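Worksheet: the structure to be examined is printed underneath.
The values are calculated or read from the model by the stated rules, or taken from the named source; none is laboratory data. Predicted, not measured: the structure shown is a model, and the values here were computed from it. Cβ: placed from backbone, ideal geometry, glycine included. Neighbour counts: every protein chain shown.
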Amino acid sequence: MVRIPLTGPERERGELLGSLLRQARGDRSMAEVATAAGISAETLRKIETGRIPTPAFFTVSALAEALGISLDALAAVCAEHSARHGRLAG
C-alpha cells in the first residue's frame, strides 16, 4: 500500500496537535502519560514532535483522557489556528 504524501497544512496541523499535547503534559514524564494512554513512549514522542502528524482518533482520544483535556478543546484550537492561517480545519 502506498501512502499519499501529506500536504504542508496537514503536516503543520500535526505539529500543532503535538505541541498542544506536549504543553498539556507539563512536567509529567512521557512514560507516565504514554502508559496512562496505553501507547508507547516512542509513539508519544513521535506525535509530540510531529513525526506522526495524523495519529489515529482513538490514540488522540486516549491521550486527551490521560492528560485531562477534552477532544472539543483540542479540535477548537486546531480549527482556530487553521482559520487564522486561511486554511480549512478539516
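A compact table of results
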{"item": "Residue count for region 1-28, restricted to those that are more than 21 Å from residue 85 (Cα to Cα) and in contact with a Ser or Thr (Cβ under 9 Å, 6 or more places away or on another chain)", "result": "1"}
{"item": "Residue in region 55-64 that is crowded, with 17+ Cβ neighbours inside 10 Å, modelled with pLDDT of 90 or more and not in a helix (DSSP H, G or I) present", "result": "yes"}
{"item": "Pair list, Cβ < 6 Å and 6+ apart or interchain, from region 18-29 residues that are within 14 Å of residue 51 (Cα to Cα) to residues that are modelled with pLDDT under 95 and not polar (S, T, N, Q)", "result": "18/50"}
{"item": "Residues of region 35-48 classified as touching a Ser or Thr at 6+ places or on another chain (Cβ under 8 Å) and either touching a residue at least 24 places away in the same chain (Cβ under 8 Å) or among the acidic types (Asp, Glu) (or both), total", "result": "4"}
{"item": "Close pairs from region 63-74: first under 18 Å from residue 52 (Cα atoms), partner surrounded by fewer than 16 Cβ atoms within 10 Å (Cβ to Cβ) and of a type in the set (A, V, I, L, M, F, W, C), Cβ under 8 Å, at least 6 apart", "result": "64/71"}
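Here is a yes/no grid of residues against (1) of a type outside the set (D, E, K, R); (2) surrounded by 14 or more Cβ atoms within 10 Å (Cβ to Cβ); (3) more than 14 Å from the chain's Cα centre (by Cα); (4) at negative phi:
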position: 5; (1), (2), (3), (4): yes, no, yes, yes
position: 19; (1), (2), (3), (4): yes, yes, no, yes
position: 25; (1), (2), (3), (4): no, yes, no, yes
position: 28; (1), (2), (3), (4): no, no, yes, yes
position: 33; (1), (2), (3), (4): yes, yes, no, yes
position: 52; (1), (2), (3), (4): yes, yes, no, yes
position: 80; (1), (2), (3), (4): no, no, yes, yes
position: 83; (1), (2), (3), (4): yes, no, yes, yes
